[in-house]
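J.: Sharing a structure here in structure tokens format.
The values are calculated or read from the model by the stated rules, or taken from the named source; none is laboratory data. Just so we're clear, the structure is a prediction, and the values are computed from it rather than from any experiment. Heads up, the Cβs are rebuilt from the backbone with ideal geometry, glycines too, and the neighbour counts pull from every protein chain shown. Each accessible area value is taken on the protein alone, full model and side chains, heavy atoms only, with ligands, DNA and RNA left out. Shrake-Rupley method; radii C 1.70, N 1.55, O 1.52, S 1.80 Å.
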Amino acid sequence: MSGRWLRWVPAAAVPAVIGLGVWAGPLQATVAAKAPDRTPEQVLALVAQSRVDALSGTIEQTSDLGLPQLPKTGLGATAGAASWVDMLTAPHTARVYLDGPTRMRVQVLDQLAERDLVRSGPDLWTYNSSDNTVTHVTMPARGFKKTLPSALPARVESPDQLARQFLSAVGPTTRVSEGPQSRMAGRAAYHLILSPRTTDTLIGSVDIAVDAATGLPLGVTVLARGQEKPALQVQFTQLSLAAPAADVFRFVPPAGAHVQQLTLPQRPVAHPDAKLPNARLPDAKLPGVRLPGHMIQGETHRVPVTVAGTGWDAVIEAAAGTVSQQMLDNPAVAAMMHPVTGGRALSTSVFTVFVATDGRLFAGAVPLERLQAAAAAR
């Protein structure tokens with residue numbers, strides 16, 4: 001599916017949030033009919049060569065990061081903060097449909113609402129049933145990559161893009177092995193196991209389930225060091241590789257919906273989403289760690305970041321004064337972060353975020369002490 005999903009979507013549809021960039025798919029029962037044996041190198045090549053142009057399926061995303069479930073109302077959360085908290089603590093289910101490079105539909109099924117993203121040719125629609133709002137964008141014919149978004153509406157992550165993010169970071173700091181074959185979404189799957197060669201990271205291993213027939217990543221499992229239960233989960237629970245019916249990609253705004261027309265720049269820019277309000281910041285090249293976009297002051301500009309170290313125990317830093325105090329003071333964010341020496345922190349089983357008193361932000365799949373030491377050294 002690489003190169004076939006719409007990677008850029010408007011900020012109104014996909015807010016930038018704190019994320020690890022991977023969600024997990026637990027191993028399923030051993031396959032009844034064993035797929036041909038392949039080495040880890042052969043499975044990696046299978047993923048690299050994968051081209052899936054059409055599918056329909058259901059993605060399940062859950063997390064168990066050692067954080068409390070927070071109420072979705074009553075905290076006075078802004079849209080960004082609510083997205084942030086929701087992604088970290090709440091499960092999500094999404095139905096996805098794909099037919100070629102310019103037809104896609106994603107339906108996120110919340111408990112009492114539904115959120116949709118529909119791409120059909122040049123038309124891109126988003127819909128939120130909770131407030132009956134619709135956005136519409138006419139996509140340019142050229143200049144923007146057409147790939148599956150690594151973050152779907154409401155923070156549901158794509159197993160394909162998340163797996164590829166992890167695999168793109170594989171290097172000398174990672175041991176790659178193969179786990180037992182399984183079945184996932186009714187399909188035979190190989191399992192690539194990525195293990196950090198260092199003990200200075202919170203991540204114990206990452207398990208990537210790969211469709212034995214097509215090389216499409218079906219799920220990703222992240223285990224915290226010393227824990228057996230997955231910290232993060234994303235997987236296809238249902239999957240068909242047949243082309244969906246054409247009417248799946250037709251969207252008509254519901255009666256009474258408020259429709260907002262969004263206008264894109266006339267010319268593509270080097271980073272097309274970087275100059276749009278609330279646009280997602282570029283992913284850092286670290287295994288499974290992204291810089292939290294909604295905590296950054298001045299989201300209409302690209303915020304420069306630096307990376308100290310390489311691999312699983314590397315640390316991302318954003319410069320002083322780039323963290324929005326308004327975001328930190330938001331009750332939803334304040335409930336997730338706790339005061340520590342030198343600032344405030346969000347600590348989970350697989351990643352940590354530290355905001356120093358001068359506004360610098362540090363993040364990584366490392367213990368808090370590592371981030372505090374990095375802040376003190378500068």
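J.: Ignoring ligands, DNA and RNA, how do Asp53, Asp37, Asp160 rank by accessible area with a 1.4 Å probe, largest first?
T.: Asp37, Asp53, Asp160
J.: Using the Karplus curve 6.51 cos²θ - 1.76 cosθ + 1.60 with θ = phi - 60°, what ³J(HN,Hα) values do you get for each residue of segment 53-61, in whole Hz, with x for Gly and Pro?
T.: 9, 9, 6, 9, x, 10, 10, 10, 10
J.: Apply 1/(1 + (r/R0)^6) to the Cβ-Cβ distance of Ala35 and Ala242, taking R0 = 25 Å, and write down the FRET efficiency to the nearest 0.05.
T.: Calculated value: 0.75.
J.: As a test question: what accessible area, to the nearest 10 Å², does Val333 have when a 1.4 Å probe is rolled over all protein chains in place?
T.: 0
J.: Hey, if we sort His191, His338 by accessible area with the 1.4 Å probe, largest down, what's the order?
T.: Correct descending sequence by accessible area is His338, His191.
J.: Further, regarding this structure: Enter the accessible area of Glu41 (Å², nearest 10), with the probe set to 1.4 Å and all protein chains included.
T.: Surface open to solvent at Glu41 totals about 120 Å².
J.: Return the long-range amide H neighbours of Leu216 (sequence gap of 5 or more, or a different chain), with a cut-off of under 5 Å between placed amide H atoms.
T.: Correct list: Asp211.
J.: Going highest first, how would you order 306-314, 219-227 by mean Cβ packing within 10 Å?
T.: My ranking of the peptides, most packed first, is 219-227, 306-314.
J.: Amide H to amide H, which residues 5 or more places from Leu65 or on other chains are under 5 Å from it, using H placed in the peptide plane?
T.: So Leu65 has HN proximity to no qualifying residue.
J.: In whole percent, how big is the carbon plus sulfur part of the accessible area of segment 201-242, probe 1.4 Å, protein atoms only? Working shown, then result.
T.: On the way: 650 of 1350 Å².
For segment 201-242, the apolar C and S fraction of the accessible surface comes to 48 percent.
J.: Which far-off residues, 5 or more places away or on another chain, put their amide H under 5 Å from the one on Arg360, with H placed in the peptide plane?
T.: Hits under the 5 Å cutoff: Gly321.
J.: From the protein chains alone at 1.4 Å, what is the descending order of accessible area for Asp211, Asp110, largest first?
T.: Asp110, Asp211
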